[in-house]
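Each remark here refers to the structure printed beneath this line.
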Amino acid sequence: MGESQAKDLEFKVLADIFEKLEKTTKRTDMIALLVELFRKTPAEVIDKVVYLMQGKLYPDWMGLPELGIGEKLIMRAVSMATGFPANVVEKEFKRLGDLGRAAEVLKQKKRQAALLAFFGTQQAKPLTVSKVYNTLDKIAKTSGPGSIDLKVKLLGGLLQDATAKEAKYIVRIVEGRLRLGVAEATMMDALAIVYGKTKAARTLIERAYNLCSDLGYVAKVLAERGIEALREMKVTVGRPIRPMLAERLSTPREILMKAGGKVLAEYKYDGERAQIHKKEDQVWIFSRRLENITHQYPDVQEHARKYIKAKEAIVEGEIVCIDPDTGELRPFQELMRRKRKHDIHTAMKDYPVSVFLFDILYVDGEDLTEKPILERRKRLKEIIEETERFRLAEAIITDDPDELEKFFLKAIESGCEGIVAKAIHQNAIYQAGARGWLWIKYKRDYKSEMIDTVDLVAVGAFYGRGRRAGTYGALLMAAYDPEADMFRTVCKVGSGFTDEDLAKMADMFKPYVISHKHPRVDSKMEPDVWFIPQIVAEIIGAEITLSPIHTCCWGKIKPGAGLAIRFPRFIRWRPDKGPEDATTVHEIMEMYHKQLKRIEEAQAARAKI
């Protein structure tokens, strides 16, 4: 193998691994395949391999152009690469329901004579990862007059050089439908095995990823400089830090006990969590899922430039829609209407926002993530010039459960979801990317006679009958198990959907349909259709019960039983949450125990009467 080739990887190797990953049903096998791949991958292209594995070209937060090729244009490129007319390509696509598979089948049957006339007689060299990545990058960045034809020609040439199997995966990457479902946690496990010499390797890799939110970059640093280089990784303005998450409890007394006796309690606003980065006059805004949403909030950018009194800073807050006439808070759905409007300046007038800040992670060269919360809050107050539209979240410090309850009720009255109580001891640092008992949610839903709402991930669907014939009638929902990086089923939900929800459901889930149970899904039920765990929905139910068929907390309460939600009902989709942000199996367990306690207390009270 030549010197230049040694610095690259044949795309065939990646396509072979993709194919095996699609067929595997065990997470351990998935990790083993990734270990095999990373060991074969030269350091020069390991970042590109990681991005392609994720079905993208760059981290979402970079806000760079996506490929911008629809099905019709891809079919034109497949036609160009195979010699079959566009109508034949379309017919094959409709027959198979998978444009990647259609490209694979037609490549296997391709008409050599027509291709020779178009591309000439020179035999193409094997495709490399760099060739595929760089061509896709060029397609994404091509714009202006004639760009559509150039995109099609570039893709057609790439597919011409590809084998049938390679063509299938190139088309799926371009479509955004790679369907592998390989999570960052799984890739980090594999990178730790390949590049780590100690158990601390996985922790170091995760810390580095939490600070830069770019797994391709982390992999490249690992491959080029080794595990110790990750210790030097620092917070960088313009690169989002993975957000810290909260657990949940249902009484002020429990919250205070869990948090160490005294807390900083803040309003939990019903808006969009935002991480705002400022560097001189430049401002970036990142969502909870680390997507670059800067362009959606020019008003927030202007506030950040004016009212963050530091050259460089990273702050966190909640962007909330407000009533311009009364100043009252509007619900999250109003903010989503603003985001769907194309004319952002009209949207700003119709749906004005306020920003409520609750944390600071970095200021003028100083990383504050290792500092305790009260010190961070003090620094935040020092650099923010507070205005009606840009200010700190309402907060109190208390060790009194009655005062905490009053503050909660005040938050509800103000239009908030509830409160977040934060431990204030010296170890209450900012745990990037982690969910822990340093932050505890106490939400309005806990006051309902129904069970608390939960955010669950759809892992499968059941076909509808009667009025729902022709679409999905119910979804199989799962909670997240962060320790095992698995999704464990907890209910089958079929109520609460509007006719509009049902009509859109098939198209919404189409990119995530797979032919078998995903290796990160633990299910005893067999739905009609399996999904890659991706789409999150908010669900409410009557109670949590023991179940012989659902796998959430399997065997933890009673042998041969898991936990299930009884009479579940769909509330809304949660596009702001990724699958790993879903309610955890541990939270479901906590809710079950609290429910039992309430029942026992009610029975004891009745016994006294």
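The values are calculated or read from the model by the stated rules, or taken from the named source; none is laboratory data. Predicted model, so just to flag it, every value in this text is computed and none were measured. Cβ: placed from backbone, ideal geometry, glycine included. Neighbour counts: every protein chain shown.
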Failed item in (1) in a loop (DSSP other than H, G, I, E, B); (2) under 25 Å from the mean Cα position of the chain (by Cα); (3) surrounded by 14 or more Cβ atoms within 10 Å (Cβ to Cβ), with H342 passing the rest:
(3)
Flagged in the range 254-294 as in a loop (DSSP other than H, G, I, E, B) and either assigned by TED's automatic domain parsing to the domain that holds G578 or among the basic types (K, R) (or both), in numbering order, are K262, R288, R289
Can you name every residue in the range 176-194 that is out of contact with any Phe, Trp or Tyr (no Cβ under 9 Å at 6 or more places or on another chain) and not in a helix (DSSP H, G or I)?
G176, V182, A183
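Working only within the range 224-235, note down all residues that are part of a helix (DSSP H, G or I) and surrounded by fewer than 21 Cβ atoms within 10 Å (Cβ to Cβ).
We begin by selecting, within the range 224-235, every residue part of a helix (DSSP H, G or I); these are 224-225, 227-232.
Correct list: E224, R225, I227, E228, A229, R231, E232.
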Flagged pairs (Cβ under 6 angstrom, 6 or more apart or on separate chains; first in the range 566-587, closer than 22 Å to D522 by Cα; second of a type in the set (S, T, N, Q)) are R566/T545; R569/S495; P579/Q534
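Collect the residues in the range 195-209 that are of a type in the set (V, I, T), in a helix (DSSP H, G or I) and surrounded by fewer than 20 Cβ atoms within 10 Å (Cβ to Cβ), keeping them in residue-number order.
Taking the range 195-209 and keeping what is of a type in the set (V, I, T), we get 198, 203, 205.
Subsequent filtering for residues that are in a helix (DSSP H, G or I) retains 203, 205.
Answer for the range 195-209, where residues must be of a type in the set (V, I, T), in a helix (DSSP H, G or I) and surrounded by fewer than 20 Cβ atoms within 10 Å (Cβ to Cβ): just T203.
I'm checking my understanding of the structure. Among residues of the range 395-436 that are of a type in the set (A, V, I, L, M) and assigned to a loop (DSSP other than H, G, I, E, B), which one is surrounded by the most Cβ atoms within 10 Å (Cβ to Cβ)? It would help to see each step written out before you state the result.
We begin by selecting, within the range 395-436, every residue of a type in the set (A, V, I, L, M); these are 395-397, 404, 409, 411-412, 419-421, 423-424, 428-429, 432, 434.
Filter once more, keeping what is assigned to a loop (DSSP other than H, G, I, E, B): 424, 428-429, 432, 434.
Values: I424: 20, A428: 22, I429: 16, A432: 20, A434: 15.
This residue is A428.
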Test: residue in the range 588-603 that is among the hydrophobic types (A, V, I, L, M, F, W, C), farther than 28 Å from R179 by Cα and not in a helix (DSSP H, G or I)
no
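Condition (residue is at pLDDT below 90, over 30 Å from Q275 (Cβ atoms) and in a loop (DSSP other than H, G, I, E, B)) applied to the range 35-48: is it met by at least one residue?
Checked the range 35-48: no residue is at pLDDT below 90, over 30 Å from Q275 (Cβ atoms) and in a loop (DSSP other than H, G, I, E, B).
Given L392, L380, L374, which one is more than 14 Å from Y442 (Cα to Cα), of a type outside the set (K, R) and surrounded by 20 or more Cβ atoms within 10 Å (Cβ to Cβ)?
Values: L392 fails: surrounded by 20 or more Cβ atoms within 10 Å (Cβ to Cβ); L374 fails: surrounded by 20 or more Cβ atoms within 10 Å (Cβ to Cβ).
Result: L380 is the single residue among L392, L380, L374 that is more than 14 Å from Y442 (Cα to Cα), of a type outside the set (K, R) and surrounded by 20 or more Cβ atoms within 10 Å (Cβ to Cβ).
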Qualifying position, being among the acidic types (D, E) and free of Cβ contacts under 8 Å to residues at least 40 places away in the same chain, among E405, E417, E413
E413
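Does A506 meet the test of being within 23 Å of the chain's Cα centre (by Cα), surrounded by fewer than 20 Cβ atoms within 10 Å (Cβ to Cβ) and either in contact (Cβ under 8 Å) with a residue 12 or more places away in the chain or assigned to a loop (DSSP other than H, G, I, E, B) (or both)? Reasoning before the result, please.
On the way: within 23 Å of the chain's Cα centre (by Cα): yes; surrounded by fewer than 20 Cβ atoms within 10 Å (Cβ to Cβ): yes; either in contact (Cβ under 8 Å) with a residue 12 or more places away in the chain or assigned to a loop (DSSP other than H, G, I, E, B) (or both): yes.
In short, yes.
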When you scan the range 346-357, do you find a residue that is within 20 Å of T294 (Cα to Cα), of a type in the set (V, I, T), in a helix (DSSP H, G or I) and assigned by TED's automatic domain parsing to the domain that holds I255, even just one?
yes
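Residues of the range 62-107 being outside any helix (DSSP H, G or I) and either touching a Pro at 6+ places or on another chain (Cβ under 7 Å) or within 30 Å of I241 (Cβ to Cβ) (or both), which ones? Reasoning before the result, please.
Start the filter on the range 62-107 by keeping residues that are outside any helix (DSSP H, G or I), which leaves 63-70, 83-85, 97-98.
G63, L64, P65, E66, L67, G68 - these are the residues of the range 62-107 that are outside any helix (DSSP H, G or I) and either touching a Pro at 6+ places or on another chain (Cβ under 7 Å) or within 30 Å of I241 (Cβ to Cβ) (or both).
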Being of a type in the set (D, E) and assigned to a loop (DSSP other than H, G, I, E, B) is the filter; apply it to the range 314-334 and report the residue that is surrounded by the fewest Cβ atoms within 10 Å (Cβ to Cβ).
D325
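Mind checking whether some residue in the range 456-470 is without any contact (Cβ under 8 Å) to a residue 12 or more places away in the chain, within 24 Å of L563 (Cβ to Cβ) and either assigned to a strand (DSSP E or B) or not aromatic (F, W, Y) (or both)? Before the answer, list the steps.
Step one: of the range 456-470, the residues without any contact (Cβ under 8 Å) to a residue 12 or more places away in the chain are 465-467, 469-470.
Narrowing further to those that are within 24 Å of L563 (Cβ to Cβ): none.
No; the residues of the range 456-470 include none that is without any contact (Cβ under 8 Å) to a residue 12 or more places away in the chain, within 24 Å of L563 (Cβ to Cβ) and either assigned to a strand (DSSP E or B) or not aromatic (F, W, Y) (or both).
Being over 25 Å from D98 (Cβ atoms) and either assigned to a loop (DSSP other than H, G, I, E, B) or outside the structural domain of A582 (by TED's automatic domain parsing) (or both) is the requirement here; does I549 meet it?
Details: over 25 Å from D98 (Cβ atoms): yes; either assigned to a loop (DSSP other than H, G, I, E, B) or outside the structural domain of A582 (by TED's automatic domain parsing) (or both): yes.
In short, yes.
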Only one of (1) acidic (D, E); (2) in contact with a strand residue (DSSP E or B) (Cβ under 9 Å, 6 or more places away or on another chain); (3) not in a helix (DSSP H, G or I) is not met by E370, so which one is it?
(2)
